[in-house]
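One structure below.
All of the numbers you see were taken from the coordinates with simple rules; none came from a lab. Because the structure is predicted, anything quoted here is derived from the model rather than measured. Cβ placement follows ideal geometry from the backbone for every residue including glycine, while neighbour counts extend to all protein chains displayed.
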Amino acid sequence: MIAILVPILFAILEFGSALERWLAQDAATVQAARLAGEVGGDLPEVHQLLADQLRGSGIDPDRVVVEVVPARVGWREPVRVSVTSEHPVAIPFLFSVTLPLRSSAISRGEVNR
Amino acid sequence: MAAVTTIALLPLLLVVLAGVLQLGALRVSAARVRSAADLAVLVAVNDQDDAELASTGRLRLASDAATVAREYFARELEMSTSLLASPAEEVAAAADVAAYPIAPAVDARTGARYDSPAVRILADVPLRTPIFGALAFRPVTVVSVLAIGSPR
């Protein structure tokens, strides 16, 4: 009985945690994309904002891969911010797996160089 | 007795588990689609009519605001194609995108009154829900999205 009920309970908790983390990461990525468009690309303040937002959601920013393309964006050009992290999921008696969580958002450059 | 009851209830428990996981995934998908619409509207209203701003100091939407909103809605959705039941371009093309460059204005579709220039996206986005489909529900769930933005 334990071997059936415990995995079900853990599956709900573990996948719920992964989905919550994915939501938080998505929201942080959108904010970072907005800022990247505002300041003109891949600048330290974008990474700082992202790190603060992720930390506030319980995600370690040092274990997250961030990509801002292009690194320098002009007026009205699109800029994409992608964030990838890994979330371990362990279900007792069944399996352990690492889920890749990917978030991306596109904004538009607001700096007229 | 408890073990027999657990085994007898196992199919029900698995159905509940699958339903819970699908609901969670649907919530993430819906949030992502709403973010896409919000960001598209923000991009559109951030682009001001420069001539109007220079001559009068007033914020006014660029003439292509609605087109930009639709284009960026498609771009944002393009990054979540695995969650969508239709191509991103189709969803964006079918969206009701309206720009209200002169305020005050009343939105004919929603009845909302805008006291400053605004861009609005109203879209029905079909999302994949394969577990619901396997459980004899609909394999596609349509989420309605409404995003409105004004410059300030």
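A few points about this structure:
- Neighbours of B:V28, meaning other residues whose beta-carbon lies under 14 angstrom from its beta-carbon, give a summed charge of +4 when Lys and Arg score +1 and Asp and Glu score -1.
- Rg(Cα)/(2.2 N^0.38 Å) for segment A:29-107, N = residue count: 1.27
- Per-residue mean of foreign Cβ neighbours for A:77-87 is 1 (Cβ atoms of other chains, 10 Å radius).
- Acute angle (nearest 10 degrees) that the helix A:2-39 long axis makes with the longest principal axis of chain A, alpha-carbon atoms: 0
- Computed [θ] at 222 nm, helices only, for chain B once each DSSP H run of length n ≥ 4 contributes -39500 (n - 2.57): -17000 deg cm²/dmol
- Base-10 log of normalised Debye intensity for the protein assembly as shown (one unit scatterer per alpha-carbon) at q = 0.10 Å⁻¹: -0.60
- Interchain or long-range residues, amide H under 5 Å from B:L127's placed H: B:A85, B:T141, B:V142, B:V143
- Axis angle, to the nearest 10 degrees, between helix B:2-46 and the longest C-alpha principal axis of chain B: 10 degrees.
- For A:R76, residues with placed amide H under 5 Å, excluding near neighbours: A:G109, A:E110, A:V111
- Nearest 10 degrees, 0 to 90: helix B:65-78 Cα axis against chain B principal axis: 30
- Kirkwood Rh and Cα Rg combined as Rg/Rh, segment B:1-123: 1.27
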